[in-house]
Amino acid sequence: MLLLRIDEPARGAADDVSVTVDPGTDDRGILGVWRTVFAAPTMRWLVVSGIGLQVAAYSLTTFLVPLLQRYYGLSLTVAGLHAGVVLGLASLLGLVVGGVISDRLSRRSAGHRVFLGGFTLLLAAPIAWLAFRIGPDHLTLFVATISLVSFLQFFFHTSALPAIADVNPPHLRSQATAMFFAGCYLFGGALGPIATGMISDALAVAGHGVSAEAYGLNQALLIMMPIALLLAGVGLVGAAAHRQPGPRPAGPRHRSVRA
């Protein structure tokens, strides 16, 4: 109800970027919008990154508590508390810190903001690999390491989402955002946990000091998380590299960015 009472400002009124599109494009109808939105290489790279990010994020969210129970021998309650640190506290810190740094970098160039997200995701990938190499007797080290991964991967949101507005004109931003999230969730959020679960079942072998289910799940996350984070990082670096900013103005407003 409160949301319905908010007066919508004029679209683009707060922009310091004027986005232009190819005059030959036709954004009438859903197919026209699709062609216009994804004519920008930045948007294609952002979707690639988003798919990788959602595979990693949803795999971790889905299987972290079972991993803590099976591999580290925690009760459901204690496992949930530890998962809250990883998925809640560390993620929140990542959003806040990422937002502050991204805003500062965007004063130089919006491309720098996007590159920041790519850098943190590429950094998170080997750290995730190390996290799932930690043995079952080192719970505190595992929680600290995977919390760092969660912290770093949430820089994605403060880097990628503003880029959608950077390369799309105001009248297409809602649809561009919807298309972005549709691709990310359909191919990343939905399929990521399924793939991780299938790999876990395939690798469930006893004789490694833990149960077969625990070993299989840990190995599945060891494989999926670093690969997905690498894909996400490469996607954001690609988005930053293909972003084409217009000339910087003398004043703070009315820069043009060609999508």
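For segment 71-124, the list of trypsin sites (Lys or Arg not before Pro) that fall in a loop by DSSP and count at most 13 other C-beta atoms within 10 angstrom reads Arg107, Arg108. Along segment 169-179 the Karplus relation, 6.51 cos²θ - 1.76 cosθ + 1.60 evaluated at θ = phi - 60°, assigns HN-Hα couplings of x, x, 6, 10, 5, 4, 5, 5, 5, 4, 5 Hz to successive residues, with x for each Gly and Pro. In segment 41-243, the alpha-carbon atoms span a convex hull of 100 Å³ per residue. Per-residue Karplus couplings for segment 183-198, computed as 6.51 cos²θ - 1.76 cosθ + 1.60 with θ equal to phi - 60°, are listed in order as x, 5, 6, 5, 9, x, x, 7, 7, x, x, 5, 5, 4, x, 5 Hz, Gly and Pro entered as x. Counting 0.36 nm for each residue step from Ala204 to Arg133 and taking away their Cα separation leaves a gain of 24.0 nm.
Bear in mind that the values in this text are calculations on the coordinates, not laboratory data. Quick caveat: nothing in here was measured; it's all calculated off a predicted structure. Cβ atoms come from the backbone with ideal geometry, glycine included; neighbour counts cover every protein chain shown.
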